Amino acid sequence: MSNTKVPVIIDCDPGHDDAVALALAFGCKKLDVLGVTTVAGNSTGENTYHNALKFLSFIGAGVEVARGADKPILRPLVVASDVHGKTGLDGLGPGGPSLQGSCRCAFDLITETLLNSEDKVTLVPVGPLTNIAIALLARPGIKRNIRRIVLMGCSGSPITFQCSAAH
């Protein structure tokens, strides 16, 4: 087995569950997190973006963070404030993030990273799949550089898809 780190992009809607996923990803010596993108889901797009910046600052992760979709494509946004609190990540503590957000949007971070990467990249969406859907619909050629998509489904079980440029 190779000692090479697996390049990943994490797409998330940071509530408490995604904060754990981010901590595990950045603590894992086998992953090379190329970027983090956010999407509305557990809370609003503004909150999930702020939550990602604040939590990643808290754990000392130096990574590009880009804001993505503020609402689903086909339905109204339904947030989980009853589970994750008003901010989507209540309890993290006072203060703001020290990490600065990207000047790129999530679509650009995802598509440009995939198009420019020498290695195939694994996408790890742990929230709504809106950013991934937009990227694949708008730039189908990015599929050739996706190794797989590993996502957290509604049961919390990881699901893996192999990508093929032939489709």
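In the list Asn131, Asn116, Asn145, which residue meets the criterion of being modelled with pLDDT of 95 or more, more than 18 Å from the chain's Cα centre (by Cα) and of a type in the set (S, T, N, Q)?
Among Asn131, Asn116, Asn145, only Asn116 is modelled with pLDDT of 95 or more, more than 18 Å from the chain's Cα centre (by Cα) and of a type in the set (S, T, N, Q).
Can you tell me which of (1) surrounded by fewer than 21 Cβ atoms within 10 Å (Cβ to Cβ); (2) among the small types (Gly, Ala, Ser); (3) not in a loop (DSSP other than H, G, I, E, B) is the one Ser98 doesn't meet?
All conditions pass for Ser98, except number (3).
I'd like to verify a number: residues in the range 27-42 that are surrounded by 19 or more Cβ atoms within 10 Å (Cβ to Cβ) and of a type outside the set (Ser, Thr, Tyr), how many?
Adding up the residues that qualify gives 8.
Specify which of the listed residues (Gly88, Gly68) is closer than 20 Å to Ala135 by Cα and in contact (Cβ under 8 Å) with a residue 24 or more places away in the chain.
Gly68
In the range 29-68, which residues are at pLDDT 95 or above, in a loop (DSSP other than H, G, I, E, B) and touching a strand residue (DSSP E or B) at 6+ places or on another chain (Cβ under 9 Å)?
Lys30, Val39, Ala61, Val63, Glu64, Gly68
Can you find, within the range 69-95, the residue that is modelled with the highest pLDDT among those that are over 27 Å from Thr111 (Cα atoms), charged (D, E, K, R) and exposed (fewer than 11 other Cβ atoms within 10 Å of the Cβ)?
Going through the qualifying residues, I end up with Lys86.
Could you list, in sequence order, all residues of the range 71-85 that are outside any loop (DSSP other than H, G, I, E, B) and either free of Cβ contacts under 8 Å to residues at least 40 places away in the same chain or under 18 Å from the mean Cα position of the chain (by Cα) (or both)?
If the condition is that a residue be outside any loop (DSSP other than H, G, I, E, B) and either free of Cβ contacts under 8 Å to residues at least 40 places away in the same chain or under 18 Å from the mean Cα position of the chain (by Cα) (or both), then Ser81, Asp82, His84 are the ones that fit.
Looking at (1) over 25 Å from Leu115 (Cβ atoms); (2) β-branched (Val, Ile, Thr); (3) not in a helix (DSSP H, G or I), can you tell me which one Thr4 breaks?
Of everything listed in (1) over 25 Å from Leu115 (Cβ atoms); (2) β-branched (Val, Ile, Thr); (3) not in a helix (DSSP H, G or I), Thr4 misses just condition (1).
Restricting attention to the range 41-63, and to residues there that are touching a helix residue (DSSP H, G or I) at 6+ places or on another chain (Cβ under 6 Å) and touching a residue at least 40 places away in the same chain (Cβ under 8 Å), which single residue is nearest to Gly88 (Cα to Cα)?
Applying the filter and picking the extreme gives Asn42.
For Asn3, which of the numbered conditions (1) at pLDDT 95 or above; (2) surrounded by fewer than 17 Cβ atoms within 10 Å (Cβ to Cβ) fails to hold?
Of the numbered conditions (1) at pLDDT 95 or above; (2) surrounded by fewer than 17 Cβ atoms within 10 Å (Cβ to Cβ), the odd one out for Asn3 is (1).
Quick check, is Leu31 within 30 Å of Asn3 (Cα to Cα) and touching a residue at least 40 places away in the same chain (Cβ under 8 Å)?
Spelling it out, it is not the case that Leu31 is within 30 Å of Asn3 (Cα to Cα) and touching a residue at least 40 places away in the same chain (Cβ under 8 Å).
The values are calculated or read from the model by the stated rules, or taken from the named source; none is laboratory data. Everything quoted here is computed from the prediction, not taken from an experiment. Because the Cβ atoms are built from the backbone with ideal geometry, glycine has one as well, and the counts that use them run over all protein chains shown.
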